[in-house]
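The values are calculated or read from the model by the stated rules, or taken from the named source; none is laboratory data. Values in this document were obtained by computation on a predicted structure and should not be read as measured data. Here the Cβ positions follow ideal geometry from the backbone for every residue, glycine too, while neighbour counts run over all protein chains shown. Please note that ligands, DNA and RNA were not included when accessible areas were found on the heavy atoms of the full protein model with its side chains. Shrake-Rupley method; radii C 1.70, N 1.55, O 1.52, S 1.80 Å.
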Amino acid sequence: QEIAFGTAGIRGKAALSQAELIKLKEDGPSAQILKGPNTINNFVLLHKTAGLIKLMKETGKKRIIIGYDSRVAGGQMAEMLARLFIAQSTPEHPFQLFLFDEASPLPELTFGITTQEAKADFGILISASHNPADYNGYKLTRENGAQLNQKTKEAVLAAVSRVNISEIHMADSIADARPGQVVWLGGKDPLPGKDYFGFPLLDMHTLHVNQVKGFLIDRGVVESHGDQVNIGFAAFNG
């Protein structure tokens, strides 16, 4: 059967064994492992995203934010979808891409999609939330950072059903994007060893941290009691 498209997006197994998960980590989305329409793989992600692209073209939407968490091959899958958007961009309908340069959480993407600096029509986060390590998928968000409403979800599903496989093609590299088409989202400085292909980097991390700080009603309480608070954090798979 075909993988279900829920309100938040799609989610399912990306590997059917530990050996396949290791191979996926080593070889990336094109790894020669067992794949089908009910698992998360490069073919399924490209097909579903091609439907989103079709809908965006039909409705005049042009701006997309793409991020990923720390799951196996998440960064490679995110760049794969970016290359799809680049290839599907035309002079009549040019897409503007905002790409996270490292694993980042969903709240940062949903915040970023509403900012003046990176305002977008849709957001994609490669993630499978709390599911085990052999799962993956992606979450879709609207222009206000929320999950898709029923009307939008049905429109995406209808667009996916109209996708012809022959229409799906990717750019060879993010470097193939036209000047100004790509903006990277990350911290103040470029990550060591990462190729940004000459495209600019926007410090979304600081914008997000400042937004979170804005929730503090009484900073004095934080200053006087902060050293008494211990926080434990664990992101096992994403």
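DSSP loop trypsin sites (Lys or Arg not before Pro) in the stretch 140-209 with at most 13 other Cβ atoms within 10 Å of their Cβ, which ones? Passing sites in the stretch 140-209 are Arg162, Lys188, Lys194. For the chain, the carbon plus sulfur part of the accessible surface works out to 55%, probe radius 1.4 Å.
Ignoring solvent entirely, what values of log10 I(q)/I(0) come out of the Debye formula for the stretch 34-96 at 0.23, 0.27 Å⁻¹ when each Cα is a single scatterer? At q = 0.23, 0.27 Å⁻¹ the computed log10 ratios are -1.00, -1.21.
Springs between Cα atoms under 10 Å define the GNM used for the chain, and in it the highest mean-square fluctuation of Gly145, Gly75, Gly220 occurs at Gly220. For the stretch 82-94, putting each phi into the Karplus relation 6.51 cos²θ - 1.76 cosθ + 1.60 with θ = phi - 60° gives couplings of 4, 5, 5, 4, 4, 5, 7, 6, 10, x, 6, 9, x Hz, in residue order, rounded to whole numbers and with x for Gly and Pro.
Helix 204-213 and the longest principal axis of the C-alpha atoms of the chain enclose an angle of approximately 50°. Working note: Cα gyration tensor of the chain, eigenvalues times five, square-rooted, sorted largest first, giving semi-axes of 29, 22, 18 Å.
Between the C-alpha center of the stretch 195-221 and that of the stretch 41-86 there is a gap of 24 Å. Remark: the stretch 109-238 carries 59 Å² of accessible area per residue (probe radius 1.4 Å; ligands, DNA and RNA excluded). In a DSSP loop and with at most 12 other Cβ atoms within 10 Å, the GluC sites (Glu not before Pro) in the stretch 38-110 are Glu92. Computed about its Cα centre, the charge dipole of the chain is approximately 700 debye, with only Lys, Arg, Asp and Glu carrying charge at their Cβ.
Relative to the longest principal Cα axis of the chain, at what angle does helix 42-59 sit, 0 to 90 degrees, rounded to 10? Approximately 80 degrees, to the nearest 10.
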